[in-house]
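Participant: So that we are looking at the same thing, I have put the structure below in structure tokens.
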Amino acid sequence: MIASREINRPALQLAGYYEHFDSDRVQLIGQVEHSYLMSLTLAKRRRVWKSLLMTQPPCLIICRGLTPYQEPNTLSVAVECGVPIFRTKAATTDFMAELMRYLSYELAPRITMHGVLVDIYGEGVLILGESGIGKSEAALELIRRGHRLVADDVVEIKRISDVELLGYGPEVIRHFIELRGIGIMDARQLYGVEAIKTEQTIDMVINLELWNPDKQYDRLGLNERTMSILGNPVVCYNIPIRPGRNLAVIAETAAINHRQKKMGYNAAEALNHRVMGNIARRRREKDNNE
């Protein structure tokens, strides 16, 4: 059982130093470790090998097709300690990078959220809101406008890194959409494979809520709001819903605007700079006239 995304190359451990050694990590043996083991005497090599395996790491992988030593009891010690031994012909550095990427993906922290995830112009947009508010209808309209559905109703999210969240749908209901009054629809069968996507990074959140005339809504966008998903901050827009609003167009515009911000242009800041510059110019003109 592998529970840690971290990987270790035992260096000081082969010299007998086990303080702060994390034994729940996968252990890699490369050219350097192999050369050191082969430089030891037979008796010492056996002691070092057994000391390492007695810590009971999840497994030990030997890279470059190497074997630590040719003695017949090499694997018997591993069997005695219950540690699987694997071997690969891959270079240690390349294999370590690929293994870390794989483990980071498979062992990433995850959460399940009720919502819809769509790919809009390459931006992963997670649409949230109360049940029946129109999330699936918005997703269907977005598909008809050429965008791609990732997940409807249930979105599973993995935290790949401090800046990346990956969303996908459960395999059982993947690419199905529920529309109240109609029932279940298969987006892939109706619109083709170009209308669906298996997984997508989450770049922004649109939170749909019923229109409240007593609530003040952001009309400029100077102060960007975020919500935390698995500890990662994600830009979040609260969109009030009332009859006549086209949710698909709003979602498209929000995605384009968010992408534009990532490229370095913020329309709200540009307008604010223009207004403040105009005010400053009028003040100077007034001072000159006086």
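A quick yes/no check of all residues on (1) modelled with pLDDT under 85; (2) surrounded by fewer than 13 Cβ atoms within 10 Å (Cβ to Cβ):
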position	(1), (2)
Asn238	no, no
Pro243	yes, yes
Ile250	no, no
His258	no, no
Gly264	no, yes
Ala268	yes, no
Gly277	no, yes
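Participant: When residues of segment 97-127 are filtered for being among the small types (Gly, Ala, Ser), within 13 Å of Gln200 (Cα to Cα) and touching a helix residue (DSSP H, G or I) at 6+ places or on another chain (Cβ under 8 Å), how many remain?
Facilitator: Residues that pass the stated criteria total 1.
Participant: Residues Leu222, Leu230: which one is in contact with a Pro (Cβ under 7 Å, 6 or more places away or on another chain), assigned by TED's automatic domain parsing to the domain that holds Leu126 and touching a residue at least 24 places away in the same chain (Cβ under 8 Å)?
Facilitator: Result of the check over Leu222, Leu230: Leu230.
Participant: Can you say whether Gly181 is surrounded by 12 or more Cβ atoms within 10 Å (Cβ to Cβ), among the small types (Gly, Ala, Ser) and in a loop (DSSP other than H, G, I, E, B), as far as the supplied structure shows?
Facilitator: No, not satisfied.
Participant: For segment 172-188, what are the residues that are within 16 Å of Gly146 (Cβ to Cβ) and among the charged types (D, E, K, R)?
Facilitator: Scanning segment 172-188 gives a single hit, Arg188.
Participant: Further question on the same structure: I'm trying to understand the selection: among the residues of segment 28-67, which are out of contact with any helix residue (DSSP H, G or I) (no Cβ under 7 Å at 6 or more places or on another chain), more than 13 Å from Arg87 (Cβ to Cβ) and surrounded by 19 or more Cβ atoms within 10 Å (Cβ to Cβ)?
Facilitator: Pro57
Participant: Looking only at residues in segment 192-226 that are surrounded by fewer than 14 Cβ atoms within 10 Å (Cβ to Cβ) and at pLDDT 90 or above, which one is nearest to the chain's Cα centre (by Cα)?
Facilitator: Step by step, filter segment 192-226, then rank; the result is Thr198.
Participant: Within segment 189-217, how many residues turn out to be farther than 29 Å from Arg144 by Cα and among the charged types (D, E, K, R)?
Facilitator: 2
The values are calculated or read from the model by the stated rules, or taken from the named source; none is laboratory data. Everything numeric here is computed off the predicted structure, so don't read it as measured data. Every residue, glycine as well, gets a Cβ built from its backbone with ideal geometry; the counts of neighbours run over all protein chains shown.
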